[in-house]
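Below are the structure tokens for one structure; questions will follow.
Bear in mind these aren't lab numbers, they're just calculated from the coordinates by the rules spelled out. Since we're looking at a predicted model, the values are computed, not measured. Here the Cβ positions follow ideal geometry from the backbone for every residue, glycine too, while neighbour counts run over all protein chains shown.
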Amino acid sequence: MSKLNKALKAFRLILKKPHLLNLINESEEAQQHYVSQKYHLPHGLKTVDFADFISTEEEIAPYSFLEGSSLPTDFALLKSLCRSTQAKDYLEIGTWRGESVANVAPLVLQCYSLNLPDDTMRALGMDEAYIGMHRFFSKDIPNVTHIQADSQSFNFSTLQKKFDVIFIDGDHHTSSIINDTKNAFRLLKDENSVIVWHDYGLGTETTRFNVLAGILDGCPASAIPHLYRVSHTLCAIYTQKEINSRSIKPNSTPSYFFNIKLNVNRIP
């Protein structure tokens with residue numbers, strides 16, 4: 001099939017199913033081109049070293065090693081940020097099994113975790129077992145408030161609170177990330193507050209450009225120089241802390257390694 005015929009076929013499909021245009025707009029190649037042209041970041045954000053955030057050994061518990069979980073280093077980053085900012089208030093968008101909020105809850109005064117309502121997930125045709133796994137690890141933690149709402153329409157001002165650490169791990173469509181990012185900047189408590197975005201990376205050395213595009217479009221222009229990816233994680237971060245950064249390439253030589261000790265805890 002010639003390129004012209006392929007293009008005509010694609011055009012006809014878009015006319016029949018306009019939602020396919022969103023897939024084209026959010027393709028990694030298209031988003032990388034967009035980020036490169038608008039923000040001059042063809043290779044993504046500069047990288048800060050994970051080790052610069054870790055001042056102590058971190059225990060990650062609970063951790064399920066199940067589908068859809070974050071990396072242990074992602075949770076270690078959140079815990080270390082809560083320590084370094086002496087966080088009292090923590091907000092996350094996207095609860096899933098509740099592992100992230102369960103890890104940081106012992107370190108802060110109050111946690112808020114927002115996720116789509118169960119009934120909304122049912123209306124979207126999501127599997128009942130999947131819905132039932134939400135909040136599994138965090139549902140009984142006293143200082144965790146679960147909010148069942150859509151972050152795209154939720155009025156965060158009703159919380160009457162600002163936050164030291166905000167973790168964005170909700171809907172990963174670019175438009176949703178833009179909205180969540182705008183809200184997050186409005187909710188920062190002070191100049192020491194930080195925002196962490198999950199799944200900035202497709203892996204620990206690659207960039208997910210549809211996520212980066214959402215972050216950049218949602219940020220105030222003054223915040224962009226303070227955006228980084230964090231090495232050895234899937235995360236990007238906003239911090240006003242003075243910190244060394246660099247550009248990294250895939251398959252770089254490791255500068256350190258980790259010691260991991262596993263303990264298995266049976267769930268009754």
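Ratio of Rg to Rh for region 104-225, alpha carbon only, Kirkwood? List each step's numbers first, then the result.
Working: Rg = 15.2 Å, Rh = 15.8 Å.
Reported Rg/Rh, Kirkwood definition of Rh: 0.96.
When only Cα pairs under 8 Å and 6 or more residues apart are kept, what is the percent relative contact order across the chain? The partial results should precede the final answer.
Values: 408 pairs, mean separation 56.6, N = 268.
Across the chain, relative contact order equals 21 percent.
Let me ask something else about it. Placing unit charges on C-beta atoms (Lys and Arg positive, Asp and Glu negative, everything else neutral), compute the dipole magnitude of the chain about its Cα centre in debye, rounded to 20.
The dipole of the chain has a size of about 780 debye.
Ok, one more. Taking the Cβ of Gly201 as the center, what net charge do the other residues with Cβ under 11 Å away carry, scoring Lys and Arg +1 and Asp and Glu -1? List each step's numbers first, then the result.
On the way: positive: Arg208, Arg229; negative: Asp74, Asp199, Glu205.
It works out to a net charge of -1.
Rounding to the nearest 10 and keeping the result within 0 to 90°, find how far the Cα-based axis of helix 28-39 lies from the longest principal axis of the chain.
So the helix axis and the longest Cα principal axis differ by about 80 degrees.
With +1 on the Cβ of every Lys and Arg and -1 on the Cβ of every Asp and Glu, and nothing else charged, how large is the dipole of region 136-200 about its Cα centre, in debye rounded to the nearest 20? Working shown, then result.
On the way: 6 positive and 9 negative charges, 51 e Å.
Roughly 240 debye, rounded to the nearest 20.
Here's another thing I want to ask about it. Helix 3-16 versus the longest principal axis of the chain: what is the Cα-based angle in degrees, 0 to 90, to the nearest 10?
Computed tilt is about 60 degrees.
Please report the antiparallel percentage of DSSP beta bridges with both residues in the chain, rounded to the nearest 5.
25
Also, I was wondering about something else. Can you give me the pair-distance distribution of the chain, C-alpha pairs, 10 Å bins, whole percents?
6, 28, 35, 21, 7, 2, 0
State to the nearest 20 debye the size of the charge dipole of region 170-268 about its Cα centre, where the only charges are +1 on K and R beta carbons and -1 on D and E beta carbons.
Working: 10 positive and 8 negative charges, 61 e Å.
Computed about the Cα centre, the dipole is about 300 debye.
For the charge dipole of the chain, defined by +1 on Lys and Arg C-beta atoms and -1 on Asp and Glu C-beta atoms about the Cα centroid, which residue among Phe258, Thr204, Leu71 has the Cα displaced farthest towards the positive pole?
It is Thr204.
Tell me which chymotrypsin sites (Phe, Trp or Tyr not before Pro) from region 175-262 have a DSSP coil assignment and no more than 15 other beta carbons within 10 Å of their own.
Working: sites: Phe185, Trp197, Tyr200, Phe209, Tyr228, Tyr238, Tyr256, Phe257, Phe258; in loops: Tyr200, Tyr256, Phe257, Phe258.
Within region 175-262, the qualifying chymotrypsin sites (Phe, Trp or Tyr not before Pro) (loop, at most 15 other Cβ atoms within 10 Å) are Tyr256, Phe257, Phe258.
State which stretch of the chain is the longest one without any exposed trypsin sites (Lys or Arg not before Pro), exposure meaning a DSSP loop state and at most 10 other Cβ atoms within 10 Å. Intermediate results must be reported in sequence, preceding the final value.
Details: sites that count: Lys261, Arg266.
Answer - 1-260.
As I understand it, the value is the acute angle between the Cα axis of helix 174-186 and the longest principal axis of the Cα atoms of the chain; what does it come to in degrees, rounded to 10?
The angle comes out at about 40 degrees.
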